[in-house]
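The block underneath contains the structure these notes are about, expressed in structure tokens.
The values are calculated or read from the model by the stated rules, or taken from the named source; none is laboratory data. Here the structure is a predicted model, which is why all the values come from computation and not from measurement. Reconstructed Cβ throughout: ideal geometry from the backbone, glycine too, with neighbour counts over all protein chains shown. Note: accessible area is taken over every heavy atom of the protein model, side chains too, but ligands, DNA and RNA are not part of it. Shrake-Rupley method; radii C 1.70, N 1.55, O 1.52, S 1.80 Å.
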Amino acid sequence: CYTNANKVNYESIIKKNKILLGNECNIKTINGPNSQTKNLKINKQKIKKVCIIASTYRYDSILFSIQPHGIVSMKLHLDLISLLEKCNIEVFIRPHPENILPNTFTSHQIDKSGPIENITNNYDMVFFDTLQTTAFFKLIREDIPINFLDLKTNLLNQASRELLLQRCSIINVKQDISGNFKLNKNEILSAMDRSLNLYNNDFMNKYMNY
């Protein structure tokens, strides 16, 4: 939502959104003819190559979106790249196709996998900082460990959060007094280790079985 009108509409929508805002609700999903439950089996191997699936870098996010400003998000991703590279992990970033701000990553840091489905073949693990992206809904169905940097932009109720914790490591990231997000190395590495054992698909089956 990047206009005043859309912002009002979005606020109206999220007030009714039982999944995100934490109200009690009963959700019924209807399986399509090609729908099937997928049992995930993640390969528990040494983590050598990671991809950060970035949210949009926008300069209007402060006013019209629940996302952080694009420069703040970009710095977070640069810090994560630096942290992981110091742990001898190869890191690539997949910028969002709808970015407004130009990114500052070098060409060799940019993921060149092509379609999002190719990510599972090219990486051992992925990071997200938002759940509101098509890539997340695609990759949660695949056999790849997922880490979610929780910037408090996607508010989950307790029930949905507990289900998501069975599929993704959730890392609580806080902002400092300057407004930048601070990463804790031990928390990041611990979350990555946990994510290798998380392949329960109840979150997908409850909220995304379509």
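Values computed for the structure shown
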| read-out | value |
| --- | --- |
| Cα gyration tensor shape for region 82-210, rounded if a/c is under 1.5, else prolate or oblate | rounded |
| Inter-probe distance in nm under a simple model that places probes 7 Å from Cα toward Cβ, at Ala159 and Thr106 | 4.9 nm |
| Net lengthening on full extension, Leu78/Leu183 (0.36 nm per residue, minus Cα-Cα) | 36.7 nm |
| For Ile116, net neighbour charge (Lys/Arg +1, Asp/Glu -1) across residues whose Cβ lies under 9 Å away | +1 |
| Highest-first arrangement of 144-157, 161-174, where packing means the average Cβ count within 10 Å | 144-157, 161-174 |
| Cα-projected label distance for Arg194 with Met208, points at 7 Å along beta-carbon direction, nm | 1.8 nm |
| With all protein chains modelled, accessible area of Thr134 [1.4 Å, Å²] | 100 Å² |
| Cut-off under 5 Å, modelled amide H: who pairs with Gln166 long-range | none |
| Sulfur and carbon atoms: percent of accessible area, region 170-210 [1.4 Å] | 46 percent |
